[in-house]
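The values are calculated or read from the model by the stated rules, or taken from the named source; none is laboratory data. As the structure is a computational prediction, the values presented were derived from the model and not from experiment. Backbone-built Cβ (ideal geometry, glycine too); neighbour counts: all protein chains shown.
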Amino acid sequence: MPLIKGAGKVRNITTAWLRAIAKGGMLMGGMLAFAHAAPPAAPDVTIPTCNLQSGQTVVDFGAHTRAQVSSFQGGMSPGERQITVTAVCSVSQVLKLRFAGAQRNGQFAFGAAGYQKVMVMSAQVDGQPVMLALQKKGAESLGESQTSLTLEPQDVLVPVKNGEPVTGRQLMVIVAVMPVLHDEETRPAARTQTAEWLRLELVR
C-alpha cells in the first residue's frame, strides 16, 4: 500500500478499486473493493491517518439483453449506478481524491472500444455541503467551482468554498459510474467478458 509524506510525517492511504464487468451481450455487475493500509506495529497518535470507506462493495449493473440497454453518446449503456465514498482523517486537512484508471481518448476506458463516464454528483465536508473543483494533472491552479463534475483520468477532486479549498476531517462524495460499450461489443459472436478498473486515491 503506498504511503505519502506530509509535514515531515507519514500517513496511511486507502485506495479504492472499482471493477466494471460486461459479459457477452449481457451487462453484468462491478465490484468496489478497498485495500487498507496496515496499521503500524506501535501506533503513534501524533501521526495523522486517513481511511477511504464505502457503504457498498459491489456495484451491480444487472443482466440485460441488447434491447434493454440504452443508446448513449455513441455507445450502449446499462445506465448509471451511484456509490457513496467517505474519506476520514484523524486531523483536519484538505481532503482530495484522485481518480485514475485505464484511459482512451481522454476518458476512462471500458472494453475494447468503450468508456466509463465517471461523475461526482455532490460532496460534503464534516457534514456541510461544499462545491467542487478539479485539479488537472500537472496543474497547480483549480478549475471553476461546481456542484457536480465529470472526471477524466488523473483528475484530482478538491472540495471548495468561495473558490478556496475546504479543510475538514471527513469528506463524503456521491460517485456515479456509467459504463458505455461500443455498439459492436453488444453483438458478440460468443460469450465474452470485459473488465476495467477505476482507482480512487486519497492524496495530499
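State whether one or more residues within the stretch 185-192 are assigned to a helix (DSSP H, G or I), more than 22 Å from residue 90 (Cα to Cα) and either at pLDDT below 90 or not charged (D, E, K, R) (or both).
Narrowing the stretch 185-192 to residues assigned to a helix (DSSP H, G or I): 185-186.
Cutting the leftovers down to more than 22 Å from residue 90 (Cα to Cα) gives us 185-186.
Then drop every residue that is not either at pLDDT below 90 or not charged (D, E, K, R) (or both), which leaves 185-186.
For the stretch 185-192, residues assigned to a helix (DSSP H, G or I), more than 22 Å from residue 90 (Cα to Cα) and either at pLDDT below 90 or not charged (D, E, K, R) (or both): present.
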### Task
Report yes if some residue within the stretch 75-85 is modelled with pLDDT of 90 or more and surrounded by 19 or more Cβ atoms within 10 Å (Cβ to Cβ); otherwise report no.
yes
### Query
Only one of 88, 59 is among the aliphatic types (A, V, I, L, M) and modelled with pLDDT of 85 or more; which?
88
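Residue 155 - would you say it is surrounded by 14 or more Cβ atoms within 10 Å (Cβ to Cβ) and modelled with pLDDT under 95? Walk me through it before giving the result.
Working: surrounded by 14 or more Cβ atoms within 10 Å (Cβ to Cβ): yes; modelled with pLDDT under 95: yes.
In short, yes.
Any idea which of 99, 72 is surrounded by 15 or more Cβ atoms within 10 Å (Cβ to Cβ) and within 13 Å of residue 181 (Cα to Cα)?
Working: 99 fails: within 13 Å of residue 181 (Cα to Cα).
After ruling out the rest, the residue left standing is 72.
Could you tell me whether any residue of the stretch 123-133 is at positive phi, part of a loop (DSSP other than H, G, I, E, B) and either modelled with pLDDT of 95 or more or crowded, with 17+ Cβ neighbours inside 10 Å (or both)? Break it down into steps so the answer makes sense when it comes.
So the first thing to find is which residues in the stretch 123-133 are at positive phi, and the list is 126-127.
Next, from what is left, pick out any that are part of a loop (DSSP other than H, G, I, E, B): 126-127.
Next, from what is left, pick out any that are either modelled with pLDDT of 95 or more or crowded, with 17+ Cβ neighbours inside 10 Å (or both): 126-127.
Yes, the stretch 123-133 contains at least one residue that is at positive phi, part of a loop (DSSP other than H, G, I, E, B) and either modelled with pLDDT of 95 or more or crowded, with 17+ Cβ neighbours inside 10 Å (or both).
From 101, 106, 75, which residue is in contact with a Phe, Trp or Tyr (Cβ under 8 Å, 6 or more places away or on another chain) and within 18 Å of residue 149 (Cα to Cα)? Steps first, please.
Numbers: 106 fails: in contact with a Phe, Trp or Tyr (Cβ under 8 Å, 6 or more places away or on another chain); 75 fails: within 18 Å of residue 149 (Cα to Cα).
When all the criteria are applied, what remains is 101.
Sort through 93, 116 and tell me the only one that's modelled with pLDDT under 95, closer than 21 Å to residue 75 by Cβ and assigned to a strand (DSSP E or B).
Working: 93 fails: closer than 21 Å to residue 75 by Cβ.
That would be 116, the only listed residue that is modelled with pLDDT under 95, closer than 21 Å to residue 75 by Cβ and assigned to a strand (DSSP E or B).
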### Task
Name, by its number, the condition in (1) surrounded by fewer than 17 Cβ atoms within 10 Å (Cβ to Cβ); (2) modelled with pLDDT under 80; (3) closer than 18 Å to residue 123 by Cα that does not hold for residue 54.
(1)
### Message
If residue 67 meets every condition in (1) in contact (Cβ under 8 Å) with a residue 12 or more places away in the chain; (2) not in a strand (DSSP E or B) apart from one, which number is that one?
### Response
(1)
